[in-house]
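K.L.:
I have a structure here, written as structure tokens, and I will follow up with some questions on it.
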Amino acid sequence: MIVPGVDTLTFFARSAPLDSLLVPSSRFPMADAKIEKLQSAVATLDQISQNEKSGFINLVSRYLSGDADQIEWSKIQTPTDEVVVPYDSLAPPPEDMEATRKLLDKLAVLKLNGGLGTTMGCTGPKSVIEVRNGFTFLDLIVIQIESLNKKYGCNVPLLLMNSFNTHDDTLKIVEKYANSNIEIHTFNQSQYPRIVVEDFLPLPSKGQTGKDGWYPPGHGDVFPSLKNSGRLDALLSQGKEYVFVANSDNLGAVVDLKILNHLINNQNEYCMEVTPKTLADVKGGTLISYEGRVQLLEIAQVPDAHVNEFKSIEKFKIFNTNNLWVNLKAIKRLVEADALKMEIIPNPKEVDGVKVLQLETAAGAAIRFFDNAIGINVPRSRFLPVKATSDLLLVQSDLYTLVDGFVVRNEARKNPANPTIELGPEFKKVSNFLARFKSIPSIVDLDSLKVSGDVWFGAGVVLKGNVTITAKPGVKLEIPDGALLENKVINGPEDV
């Protein structure tokens with residue numbers, strides 16, 4: 001899509017397939033000149049390393065050359081159980097404590113810690129938002145790994161990949177874990193300059209020297225950043241073989257011995273955990289078999305004519321949880337060969353009225369470059385992300401309990417699916433959310449909850465079935481202490 005009066009590289013259409021957004025150099029004879037001009041400007045930016053400069057120029061060059069393989073829809077095949085392995089078919093891990101220790105000593109855990117808590121009204125890294133019982137995401141991660149190390153006498157280290165947005169705060173935060181029995185290492189993902197669309201020059205070279213001039217280029221950057229930071233070689237020297245990579249806000253992403261045991265025994269270089277789609281996940285990337293290899297298919301790559309087919313939970317039944325298990329030697333081999341050429345995700349933004357472009361990649365898209373790569377179809381319990389206060393309500397409720405840092409689902413809940421929860425904008429910020437609940441309601445038997453307007457909850461409220469609560473404009477609606485709401489539509493106090 002070309003916007004009149006705007007550089008042709010600017011696009012704003014979600015519906016365009018990813019490949020159509022990658023611009024072939026034949027259409028842009030000036031591509032080489034643009035790269036040279038950009039390279040000269042980037043060379044003067046002393047805030048970033050030589051590795052970051054070359055990584056950035058490499059990414060932009062690929063973008064301008066249209067380096068992308070077009071997906072032929074007719075060649076897409078549904079993966080077999082050999083490619084996407086059912087979790088229940090995995091062999092049990094060894095019961096012997098010593099064998100388990102040896103297994104875990106081959107593992108490192110890496111949490112993607114580059115995100116801020118701004119969408120939930122918090123400052124600083126998202127991983128320091130309190131999730132339950134006063135514990136933050138990071139607290140729970142540390143407690144989980146501490147429990148493993150203590151139980152089996154192993155040494156599973158924790159790595160945190162920060163962005164320049166979260167680095168300084170995270171360094172201060174991890175000091176509190178200094179006396180724990182866990183090695184914690186931090187490293188930064190790359191810092192790339194945003195590109196000004198009008199003249200294709202880096203925003204920082206035009207006077208935008210603050211953080212707004214830069215961006216972290218997506219979690220696909222985890223592989224080169226792990227190598228460039230020296231952490232990859234350090235892990236290999238300690239005898240580590242696999243890294244378990246996951247988002248820091250996914251409370252279900254815990255170390256799983258069955259998965260680790262399977263990967264080591266079968267020498268799988270890469271494993272993506274997938275889980276069955278629900279109607280809430282129809283836009284999530286899925287695994288396909290394509291020309292003999294397993295590959296991630298994202299909605300942005302899907303031609304318009306097939307978008308509804310992609311969203312169908314009948315044909316594409318699984319989606320990517322972004323829980324990834326990757327062989328460390330394979331990462332080293334592929335990064336050193338510059339072989340990880342993941343699909344580029346162009347992300348147009350605006351900074352102080354200036355149209356800019358940032359190019360990103362996703363770690364899941366790397367699956368097709370690894371040998372003997374597989375998916376494992378895991379239980380939904382391994383995907384419990386907290387992206388909004390509606391998710392926070394789930395994990396703070398009686399639907400879950402905390403055991404050794406692990407968030408465990410209440411067995412009294414008979415429905416395998418979690419309730420759907422929609423909270424209005426009044427609940428968006430964590431501080432407002434907490435203020436509006438005297439205590440978190442009981443939701444073990446809840447199917448759906450929709451709240452809009454100025455609604456306040458008393459203590460000991462019980463919600464069952466389908467509940468809708470709507471406060472009229474300008475009216476404060478209080479749900480009294482101990483109220484039981486079952487299959488109710490509440491529009492005022494008289495309905496309670």
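K.L.:
Inspect segment 139-157 for any residue being of a type outside the set (D, E, K, R), assigned to a strand (DSSP E or B) and touching a strand residue (DSSP E or B) at 6+ places or on another chain (Cβ under 9 Å) and give the result as yes or no. Before the answer, list the steps.
P.N.:
Here is the first cut: in segment 139-157, the ones of a type outside the set (D, E, K, R) are 140-145, 147-149, 152-157.
Now restrict to residues that are assigned to a strand (DSSP E or B): none.
Within segment 139-157, none of the residues are of a type outside the set (D, E, K, R), assigned to a strand (DSSP E or B) and touching a strand residue (DSSP E or B) at 6+ places or on another chain (Cβ under 9 Å).
K.L.:
Testing Asp221 on (1) of a type in the set (Asp, Glu); (2) in contact (Cβ under 8 Å) with a residue 60 or more places away in the chain; (3) open to solvent by 40 Å² or more (accessible area, probe 1.4 Å), one condition comes back false. Which one is that?
P.N.:
Here Asp221 meets the rest and fails (3).
K.L.:
Would you check if Leu140 is open to solvent by less than 40 Å² (accessible area, probe 1.4 Å) and aliphatic (A, V, I, L, M)? I'd like the intermediate steps shown before the answer.
P.N.:
Values: open to solvent by less than 40 Å² (accessible area, probe 1.4 Å): yes; aliphatic (A, V, I, L, M): yes.
It is true that Leu140 is open to solvent by less than 40 Å² (accessible area, probe 1.4 Å) and aliphatic (A, V, I, L, M).
K.L.:
Going through Val356, Val307 one at a time, which residue ends up being farther than 17 Å from Lys283 by Cα and touching a residue at least 12 places away in the same chain (Cβ under 8 Å)?
P.N.:
Working: Val307 fails: farther than 17 Å from Lys283 by Cα.
Just one listed residue meets the conditions, Val356.
K.L.:
Kindly list the number of the only condition in (1) at pLDDT 95 or above; (2) outside any strand (DSSP E or B); (3) not hydroxyl-bearing (Ser, Thr, Tyr) that fails for Lys387.
P.N.:
(1)
K.L.:
Now a separate question. In segment 309-326, what count of residues is obtained for those that are more than 24 Å from Pro216 (Cβ to Cβ) and open to solvent by less than 30 Å² (accessible area, probe 1.4 Å)?
P.N.:
If we filter segment 309-326 for residues that are more than 24 Å from Pro216 (Cβ to Cβ), which is where we start, we get 309-318.
If we keep only those that are open to solvent by less than 30 Å² (accessible area, probe 1.4 Å) too, we end up with 310, 316, 318.
So the count comes out to 3.
K.L.:
While we're here: Any residue in segment 74-91 that is in contact with a Phe, Trp or Tyr (Cβ under 7 Å, 6 or more places away or on another chain) and either open to solvent by less than 40 Å² (accessible area, probe 1.4 Å) or assigned to a helix (DSSP H, G or I) (or both)?
P.N.:
Looking for residues that are in contact with a Phe, Trp or Tyr (Cβ under 7 Å, 6 or more places away or on another chain) and either open to solvent by less than 40 Å² (accessible area, probe 1.4 Å) or assigned to a helix (DSSP H, G or I) (or both), one finds at least one in segment 74-91, hence yes.
Residue by residue, here is whether (1) assigned to a helix (DSSP H, G or I); (2) touching a Ser or Thr at 6+ places or on another chain (Cβ under 7 Å); (3) open to solvent by 30 Å² or more (accessible area, probe 1.4 Å); (4) touching a residue at least 40 places away in the same chain (Cβ under 8 Å) holds:
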site: Ala339; (1), (2), (3), (4): no, no, yes, no
site: Met342; (1), (2), (3), (4): no, yes, no, yes
site: Asp371; (1), (2), (3), (4): no, no, yes, yes
site: Leu402; (1), (2), (3), (4): no, no, yes, yes
site: Asn415; (1), (2), (3), (4): no, no, yes, no
site: Asn418; (1), (2), (3), (4): no, no, yes, no
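K.L.:
May I pose another question? Filter segment 283-303 down to the residues that are in contact (Cβ under 8 Å) with a residue 24 or more places away in the chain, within 19 Å of Thr321 (Cβ to Cβ), open to solvent by less than 30 Å² (accessible area, probe 1.4 Å) and hydrophobic (A, V, I, L, M, F, W, C) and list them by number.
P.N.:
Within segment 283-303, Leu287, Ile288, Val294, Leu296, Leu297 qualify.
K.L.:
Of all residues in segment 345-365, how many are farther than 18 Å from Asn247 by Cβ and β-branched (Val, Ile, Thr)?
P.N.:
Selection size over segment 345-365: 3.
Here's the yes/no breakdown for (1) closer than 30 Å to Leu45 by Cβ; (2) part of a helix (DSSP H, G or I); (3) open to solvent by 10 Å² or more (accessible area, probe 1.4 Å); (4) not hydroxyl-bearing (Ser, Thr, Tyr):
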site: Ser205; (1), (2), (3), (4): yes, yes, yes, no
site: Gln208; (1), (2), (3), (4): yes, no, yes, yes
site: Leu236; (1), (2), (3), (4): no, yes, yes, yes
site: Val245; (1), (2), (3), (4): yes, no, no, yes
site: Ala253; (1), (2), (3), (4): no, no, no, yes
site: Ile259; (1), (2), (3), (4): no, yes, no, yes
site: Thr275; (1), (2), (3), (4): no, no, no, no
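K.L.:
Please give the number of the condition Gly121 fails out of (1) touching a residue at least 60 places away in the same chain (Cβ under 8 Å); (2) in contact with an Asp or Glu (Cβ under 6 Å, 6 or more places away or on another chain).
P.N.:
(2)
K.L.:
Determine whether Leu112 is out of contact with any Gly (no Cβ under 6 Å at 6 or more places or on another chain) and part of a helix (DSSP H, G or I).
P.N.:
Working: out of contact with any Gly (no Cβ under 6 Å at 6 or more places or on another chain): yes; part of a helix (DSSP H, G or I): no.
Criteria not met by Leu112.
The values are calculated or read from the model by the stated rules, or taken from the named source; none is laboratory data. The structure presented is a predicted model; accordingly, all values stated were derived computationally and were not measured. Using ideal geometry, Cβ is built from the backbone for each residue, glycine included, and neighbour counts are taken over all protein chains shown. Calculation scope for accessible area: heavy atoms of the full protein, side chains included, ligands and nucleic acids excluded. Shrake-Rupley method; radii C 1.70, N 1.55, O 1.52, S 1.80 Å.
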